[in-house]
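Data block below; observations after.
The values are calculated or read from the model by the stated rules, or taken from the named source; none is laboratory data. Source: prediction; values computed, not measured. Cβ atoms come from the backbone with ideal geometry, glycine included; neighbour counts cover every protein chain shown. Protein only, heavy atoms only, side chains kept; ligands, DNA and RNA dropped before computing areas. Shrake-Rupley method; radii C 1.70, N 1.55, O 1.52, S 1.80 Å.
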Amino acid sequence: MKNILVINAHEYHDTAKGQLNRTLTERMVDKLSPFYNLKTTIVQNGYEIKEEQEKYLWADVIIFQTPVYWFSYPAAFKKYIDSVYEHGVFYQSADTYGTGGLLKGKQYMLSVTWAAHEKVFTTPLVEPFFEGKKLDDVLIAMHKPHQFIGLKPLKTLSNHSVAQPDMGKILDHTERHLEEVFSFTKKY
């Protein structure tokens, strides 16, 4: 892998202005750019569909930096997916549903931020809302669009309790995750 597309999927709301997702996107770019070729998209700033499609075709890995809104993507990013993930470019019909992805050989990584505490996944008897489901099981609606187009998942990065974030902890967790998933030994 040598080409990485980083997408900031945040959508502005008065209670979610996007500073954390912007900071995490910038940190990822700073951390990865000495070792990989990078391109970025900030969804709320607008985009050209064909240009975005070309970015996906160029990329070996796509990182989705996104808040979790109602257990899925922000509406603006869902619209982006509806516009950019075009039949014949990203997927085709197949005899077995979900196997017609045209971006096979590429990977993606979810990097999510949300108000849910990490303990809702680690102590299900105390925090029963997710009924003992693992993080990626809860995020299935975020994973499936990318798997449908042929992408393979990398380990999900999840930052929790972001309503009152501990920025030092979040940035440290993010950097450790990037170091675990990506190689920082040489520029390809």
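Only one of Asn45, Asn37 is of a type outside the set (D, E, K, R), out of contact with any Gly (no Cβ under 8 Å at 6 or more places or on another chain) and either within 27 Å of Val162 (Cβ to Cβ) or free of Cβ contacts under 8 Å to residues at least 12 places away in the same chain (or both). Can you tell me which? Only one candidate qualifies: Asn45.
Answer yes or no as to whether Phe77 is closer than 30 Å to Phe129 by Cα, of a type in the set (Phe, Trp, Tyr) and open to solvent by less than 40 Å² (accessible area, probe 1.4 Å). Let's see the steps before the verdict.
Working: closer than 30 Å to Phe129 by Cα: yes; of a type in the set (Phe, Trp, Tyr): yes; open to solvent by less than 40 Å² (accessible area, probe 1.4 Å): yes.
Yes.
The residues of the range 48-98 that are modelled with pLDDT of 95 or more and of a type in the set (Val, Ile, Thr), listed by number, are Ile49, Val61, Ile62, Ile63, Thr66, Ile81, Val84, Val89, Thr96. Of all residues in the range 56-79, those satisfying the criterion of being in contact with a helix residue (DSSP H, G or I) (Cβ under 9 Å, 6 or more places away or on another chain), within 28 Å of Phe35 (Cα to Cα) and assigned to a helix (DSSP H, G or I) are Tyr56, Phe77.
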